[in-house]
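Throughout, read-outs are computed from the coordinates displayed, never taken from laboratory work. In this text the structure is predicted, and so the values were computed from the model without any measurement. Here the Cβ positions follow ideal geometry from the backbone for every residue, glycine too, while neighbour counts run over all protein chains shown.
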Amino acid sequence: MKVVHSDSDTLEFTDEAGMAFMTLTVHRLNAALIANGVTSAEQRRGICENFLFEFAYYHDAGWLQHGDRRVFPMVALATRAAPAEDANLGKIMELHVPTEASSWHEYANGVVSRYFEVQGEGVGELRSGSYGDDE
């Protein structure tokens, strides 16, 4: 597995992919809010803004104590080979790890604004899936 951990990768790839990840996170949170009776788009947007900013700031600078270690959670992005035989996931080929240049919290409000104002509470052309999904 190749680990990519450079400021240029963070600025050119990881942050762009991170904003897509944040958009999907907002979309899922918004759907959960709707499913639980939050009908006001204004309320949902406020909740999404608050959540995503805090999530993104925690990604950038947060830590937690695990046993005797202080660890810093982060989102890494991987490319995978096709699954072998009947496996669900393929081998990780590249792992893109953010560096100190990452600053997701600076994008958070813009991601939520775009989601609600420009994309009409949708993900646009963004595609995602799970395991063997093609869509």
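Which is the longest run of the chain containing none of the chymotrypsin sites (Phe, Trp or Tyr not before Pro) found in DSSP loop states (not H, G, I, E, B) with at most 13 other C-beta atoms within 10 Å?
64-130
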For semi-axes √(5λ) of the Cα gyration tensor in Å, calculated from these coordinates, the label among (i) 35, 16, 9; (ii) 27, 21, 15; (iii) 117, 24, 16: (ii)
Euclidean distance of C-alpha centroids, region 26-86 and region 92-123, integer Å: 11
Counting DSSP beta bridges with both ends in the chain, the antiparallel % (nearest 5): 70
Built amide H within the under 5 Å cut-off of residue 94, gap 5+: 2, 79
Relative exposure of 22, 74, 93, judged by other C-beta atoms within 10 Å (fewest first): 93, 74, 22
Ordering of 81-88, 32-39, 119-126 by packing [mean C-beta count within 10 Å, highest first]: 119-126, 32-39, 81-88
